[in-house]
Amino acid sequence: MHRFVCLLAAFLVACAAAPGPAPWQSRLQGDRVVLLGEVHDNAALHRLRLDAVRRAFAAGWRPAIVMEQFDRERQVDIDRARHERPNDAQHVIDAAGGSGWDWRFYRPFVELALTYDVPLVAANLSNADTTKIVRSGLEAAFDNAAVAALGLGREVSADWQQAQEHEIDLGHCGALPASLWPRMARAQFARDAVMAQALRDPIGRGAVLLAGNGHVRRDIGVARWLGSGIEPRRVVAIGFVEDGDDATPAAAFDAVVRAAATERADPCAGFALPKAAG
């Protein structure tokens, strides 16, 4: 009897210590448009994000899964691969996967889309189109109709422009000349606008965007390009941030999930000016 009481007490203590789902996770339902960030190489943050989405699917949510990891031109490849092998996530990735991504972190989301038969949406602007925009402007990648549809003809406020240019400078280790910041920011705006368009397409259901933290920020990212077609109440932006990283304003996200920083080499060591600068 004494041993049973001890075991029961230990179980209750363990249960009390185990954290439950965070309050923001209750919003992963219905027609919500949920923007989930990432630090691309942080396995712990990827795991926490995946756990949250899996719980939401298990509870009955059926959103479109919208991914930065697939370029928008590859949507036809994704759809064809799904038709060819409806249960083979690796076949989808092989048919349409972008280079430069660690697919260990993203394959489970492709598997979720196939298992629950929800849309899997390619959301990113390709590096080729991004480079064209940096070098020659929006017209190098979009015609006038596309610029209008994406909302890229709108005026960007000075504070928004400055904040985006600051992130460009910070993200490139202060190595870029200031004259390049506006062109790089223009390309980032285009990338966010394309992701926003991908979120608008799955009409009548919710959507979850998987993208870097910079894209899911409310103040400068995708949310600002969603337009009036999606009510603000539907949008949820969650940053997945490493411990000790306090550079992003708190107001940029509705909530923040943290994990220990990944050990990595100094990303600014040997930084060189990209060839895209022209």
Taking the alpha-carbon centre of each part, the distance from segment 73-98 to segment 228-268 in Å is 29
With unit charges on the beta carbons (Lys and Arg positive, Asp and Glu negative) and the dipole taken about the Cα centre of the chain, which residue among A58, A175, L125 sits farthest to the positive side? A58
Taking the Cα centre of segment 29-262 as the origin, how large is its charge dipole in debye, to the nearest 20, when only Lys and Arg (+1) and Asp and Glu (-1) carry charge on their Cβ atoms? 520
Which of S157, L114, I220 sits closest to the plus end of the dipole of the chain, meaning its Cα is farthest towards the positive end, when Lys and Arg get +1 and Asp and Glu get -1 on the C-beta? L114
Please turn the phi angles of segment 90-96 into ³J(HN,Hα) values with the Karplus equation 6.51 cos²θ - 1.76 cosθ + 1.60 (θ = phi - 60°), one per residue in order, whole Hz, x for glycine and proline. 5, 5, 4, 4, 5, 6, 9
Starting from the Cα coordinates of segment 42-163, work out the convex hull volume and express it per residue in Å³. 155
If I take every Cα pair under 8 Å that is 6 or more residues apart in the chain, average their sequence separation and divide by the length, what percent do I get for the relative contact order? 29
Once Lys and Arg are counted +1 and Asp and Glu -1 for all other residues with Cβ under 15 Å from that of T262, the total becomes -3
Considering every pair of different Cα atoms, what Kirkwood radius, in Å, is found for the chain? 20.2
Per-bin percent of Cα-Cα distances, segment 185-267 [10 Å]: 16, 46, 29, 8, 1
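Each reported figure results from applying straightforward, stated rules to the coordinates on display, with no laboratory input. Note that the structure is predicted; figures quoted are calculated from it, not measured. Please note: Cβ atoms are built from the backbone with ideal geometry, for glycine as well, and neighbour counts cover all protein chains shown.
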